[in-house]
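Colleague: I'd like to ask some things about the structure below.
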Amino acid sequence: NARGTFAPLSAMELSQIDANRAHLEEVGLQAIREGKVAAVLLAGGQGTRLGFDKPKGMYNIGVTRELYIFECLINNVMEIVKKAGAWIPFYIMTSDKNYDDTTAFLKEKNYFGYNAEYIHFFKQEMAPSVDYNGKLLMEAPDHLSLSPNGNGGWFSSLCRYGYDKQMKEAGVEWLTAFAVDNVLQRINDPAFVGAVIDSGCDCGGMVVRKADPNERVGVLCTEDGKPSIVEYYEMTDDMIHLKDENGNLLYNFGVILNYMFNLDRLTEIKSKRLPLHIVEKKIPYIDGDGNLIKPTTPNGYKFESLILDMIHMMDSCCPFEVEREKAFAPVKNPTGVDSVESARKLLEKNGVTL
Ligand code: UTP
């Protein structure tokens, strides 16, 4: 996809947030109390890098006790529910592949204490995958190998279930959408909610200060005057090192897959097409003799639309800085960077018993 002209977009930084925290939190809590802010958990991914054959949320990250990823997320949102004294409508996106496991697991665990009346599930759509020669992969003699179509389809899938209308009727004005794999995910953080509402922007995104200029994260900026996310590999050397008069990097805040959107604005862009991204993945397929093969290394491409491209469809966005060590512990891999190991360390640092 051809990109336009990028320019920096200043973030609401921690110092500014801290100076104004009481007010921002009050605005956020008030909106949550009035039922204006729903939450959408994006849990339709396959988590192939983790190599766990169940939905990622079912992964037990505990050491001396059971502590599931879903449980971490629900514990986090429960903190806000308690503060606000109101249940937050909670929508969970799954795919065809993990719907049954996800719904059965959460039911069995009694939704980890969440009020089931406020939980709604929906399925995202699926898309075909191809091998390296562009040939469609088959999963059985009579059907294509299908994979979830990326996290960008969440709003249109939610609308297929009529949930947009349900929300509108219930008075919801804002939706937060976030990844399943960040065990420190601050769901509907009142200061974030308050800041986005106060900013008058169409949407907001939680961001973390880059660890170093070359960190491989997508940076919230503008593109042709509209908010956008520039991928690390799209940035020129000049952009990477560009500084303001105080010596701070101008492309300095990376997204962590926690956004908030205005429901009316989402409805307006609903029928717009999102760009497709090509992703290399391990895709199960049948060989010429009809044997099902589950590859251990990537063997083809999936086509995904991404939620980050929805930011560019909005007119304005409020980047909101959060402290990495308190709000970002993604579980992508078993070990190393963004892994079970690194997430455990961060959970412990935040006082969670494992
Ligand atoms: P990732 O980009 O990490 O993809 O998803 P993934 O499929 O879960 O994992 P890998 O790449 O195969 O290891 C980021 C977030 O978007 C959700 C995931 O569940 C996660 O919360 N997602 C991803 C969806 O909801 N649907 C998708 O089709 C893809």
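The values are calculated or read from the model by the stated rules, or taken from the named source; none is laboratory data. Everything numeric here is computed off the predicted structure, so don't read it as measured data. Note that each Cβ is placed from the backbone with ideal geometry, even for glycine, and that neighbours are counted across all protein chains shown. All accessible areas refer to the heavy atoms of the entire protein, side chains included, with ligands and DNA or RNA removed. Shrake-Rupley method; radii C 1.70, N 1.55, O 1.52, S 1.80 Å.
Colleague: Just how much of His277 is accessible, in Å², when a 1.4 Å probe is used and the result is rounded to the nearest 10?
Modeller: Surface open to solvent at His277 totals about 50 Å².
Colleague: In the stretch 156-185, what chymotrypsin sites (Phe, Trp or Tyr not before Pro) fall in a loop by DSSP, with at most 16 other Cβ atoms inside 10 Å?
Modeller: Counting only loop positions with at most 16 other Cβ atoms within 10 Å, the chymotrypsin sites (Phe, Trp or Tyr not before Pro) in the stretch 156-185 are Tyr161.
Colleague: Place a point 7 Å from the Cα of Glu13 along the Cα-to-Cβ direction; which residues of the stretch 202-240 have their backbone N under 17 Å from it?
Modeller: Within reach of a label on Glu13, which here means backbone N under 17 Å from a point 7 Å along Cα→Cβ, the stretch 202-240 contributes 207-213, 220-221.
Colleague: Over the stretch 10-144, average the accessible area per residue using a 1.4 Å probe and give it in Å², no decimals.
Modeller: Working: 6510 Å² over 135 residues.
Heavy-atom accessible area per residue stands at 48 Å².
Colleague: Under a GNM of the chain (C-alpha, springs under 10 Å), which listed residue has the highest mean-square fluctuation: Asn214, Asn98, Asn252?
Modeller: The residue that fluctuates most here is Asn214.
Colleague: Given the stretch 291-354, what whole percent of its Cα pairs are spread farther than 16 Å?
Modeller: In whole percent, the share of Cα-Cα pairs in the stretch 291-354 beyond 16 Å is 69.
Colleague: In percent, what relative contact order does the stretch 81-160 have, based on Cα pairs under 8 Å that are 6 or more apart in sequence?
Modeller: Details: 87 pairs, mean separation 23.9, N = 80.
Taking the mean separation of contacting Cα pairs over the length of the stretch 81-160, I get 30 percent.
Colleague: Right, next: Starting from the 7 Å offset along Cα-to-Cβ, what nm value, one decimal, do you get for the label separation of His23 and Ala211?
Modeller: So the two model labels end up 3.5 nm from each other.
Colleague: Round to a whole number: what % of the accessible area of the stretch 49-206 belongs to carbon and sulfur, probe 1.4 Å? Spell out each step's value before the answer.
Modeller: On the way: 3110 of 6530 Å².
Here carbon and sulfur together make up 48 percent of the probe-accessible area.
Colleague: Still on this structure, I have one more. Which FRET efficiency value, to the nearest 0.05, do you get for Asp131 and Tyr232 by plugging their Cβ-Cβ distance into 1/(1 + (r/R0)^6) with R0 = 30 Å? Before the final figure, lay out each step's value.
Modeller: On the way: r = 28 Å, r/R0 = 0.93.
Computed FRET efficiency for Asp131 and Tyr232: 0.60.
Colleague: Please name which of Leu106, Leu266, Ile80 has its Cα lying farthest along the dipole of the chain towards the positive end, using unit charges on Cβ (Lys, Arg +1; Asp, Glu -1) and the Cα centre as origin.
Modeller: So the residue we want is Leu106.
Colleague: Now for a different question. Among Asp244, Asp224, what's the order by accessible area (1.4 angstrom probe), most exposed first? Walk me through the numbers on the way to the answer.
Modeller: On the way: Asp244 45, Asp224 100 Å².
Ranked list, largest accessible area first: Asp224, Asp244.
Colleague: Relative contact order of the chain: what whole-number percent is it, with Cα pairs under 8 angstrom and at least 6 residues apart? Intermediate results must be reported in sequence, preceding the final value.
Modeller: Numbers: 727 pairs, mean separation 89.0, N = 354.
Relative CO of the chain lands at 25 percent.
Colleague: Of the options Met314, Gly225, Met138, report the single residue whose Cα projects farthest towards the positive end of the charge dipole of the chain (beta-carbon charges: Lys, Arg +1; Asp, Glu -1).
Modeller: Met138
Colleague: Please report the antiparallel percentage of DSSP beta bridges with both residues in the stretch 84-224, rounded to the nearest 5. Intermediate values should be presented prior to the final figure.
Modeller: On the way: 6 of 11 bridges.
Rounded to the nearest five, the antiparallel share is 55 percent.
Colleague: Could I ask something else about it? What whole-number distance in Å separates the alpha-carbon centres of the stretch 180-231 and the stretch 12-89?
Modeller: Rounded to whole Å, the Cα centres lie 15 Å apart.
Colleague: Starting from 0.36 nm per residue, how many nanometres of slack lie between Glu280 and Thr353 once their C-alpha separation is accounted for? Each step should come with its number before you reach the end.
Modeller: Values: separation 73, 0.36 × 73 = 26.28 nm, distance 3.61 nm.
Stretched out fully, the Glu280 to Thr353 stretch lengthens by 22.7 nm.
Colleague: Of all trypsin sites (Lys or Arg not before Pro) in the stretch 100-179, which ones are in loop regions per DSSP and have a Cβ with at most 15 other Cβ atoms within 10 Å? Walk me through the numbers on the way to the answer.
Modeller: Numbers: sites: Lys107, Lys109, Lys123, Lys135, Arg160, Lys165, Lys168; in loops: Lys109, Lys135.
The qualifying sites are Lys135.
Colleague: Sticking with this one: Between Ala2 and Glu169, what is the label-point separation in nm under the 7 Å Cα-to-beta-carbon projection?
Modeller: Using points 7 Å along Cα→Cβ, the separation is 4.5 nm.
Colleague: Please list, by residue number, every one of the trypsin sites (Lys or Arg not before Pro) in the stretch 197-239 that is coil in DSSP and has at most 12 other beta-carbon atoms within 10 Å.
Modeller: Details: sites: Arg209, Lys210, Arg216; in loops: Lys210, Arg216.
When the trypsin sites (Lys or Arg not before Pro) of the stretch 197-239 are filtered for loop state and at most 12 Cβ neighbours within 10 Å, Arg216 remain.
Colleague: Sort Phe112, Phe320 from largest to smallest accessible area, using a 1.4 Å probe on the heavy atoms of the protein chains.
Modeller: On the way: Phe112 35, Phe320 5 Å².
Descending order: Phe112, Phe320.
Colleague: How much accessible area per residue does the stretch 231-354 have, counting only protein heavy atoms and a probe of 1.4 Å, in square angstrom? Show your work: numbers first, answer last.
Modeller: Working: 6530 Å² over 124 residues.
On a per-residue basis, 53 Å².
Colleague: Next question. Using heavy-atom solvent-accessible surface (probe 1.4 Å) with all chains present, what is the largest-first order of Thr102, Thr236?
Modeller: Numbers: Thr102 0, Thr236 75 Å².
Correct descending sequence by accessible area is Thr236, Thr102.
Colleague: Any chance you could check the Cα centroid distance between the stretch 293-354 and the stretch 131-156 for me, in angstrom?
Modeller: For the stretch 293-354 versus the stretch 131-156, the Cα centre distance is 23 Å.
Colleague: To continue, here is another question. Under 19 Å between alpha carbons, and skipping anything fewer than 8 positions from Lys168 in its own chain: which lysines qualify?
Modeller: The reachable lysines, counting only those whose Cα sits under 19 Å from Lys168, are Lys36, Lys270.
Colleague: Please report the carbon-and-sulfur percent of the accessible area for the stretch 277-350; probe 1.4 Å, protein heavy atoms only, DNA, RNA and ligands left out. Intermediate results must be reported in sequence, preceding the final value.
Modeller: Details: 1880 of 3670 Å².
Result for the stretch 277-350: 51 percent of the exposed heavy-atom area is carbon or sulfur.
Colleague: Separate question: Among DSSP bridges having both ends in the chain, what percentage is antiparallel? Round to the nearest 5. It would help to have the intermediate numbers written out before the result.
Modeller: Values: 38 of 60 bridges.
In the chain, DSSP labels about 65 percent of beta bridges as antiparallel.
Colleague: Using a 1.4 Å probe, how large is the accessible area of Ser339, given in Å² and rounded to the nearest 10?
Modeller: Accessible area of Ser339: about 0 Å².
Colleague: Please build a GNM for the chain, connecting alpha carbons under 10 Å apart, and tell me which residue among Met206, Met93, Met167 fluctuates the most.
Modeller: Top of the fluctuation ranking is Met167.
Colleague: Express in nm, to one decimal, how much length is gained between Thr48 and Glu245 on full extension, taking 0.36 nm for each residue of separation and deducting their alpha carbon distance.
Modeller: Between Thr48 and Glu245, full extension yields 66.6 nm more.
Colleague: Figure the gain on full extension for Glu34 and Ser199 (residue separation times 0.36 nm, minus the Cα-Cα span) and round it to one decimal in nm. Mind dumping the intermediate values first?
Modeller: Values: separation 165, 0.36 × 165 = 59.40 nm, distance 1.90 nm.
Residue separation times 0.36 nm, minus the Cα-Cα distance, leaves 57.5 nm.
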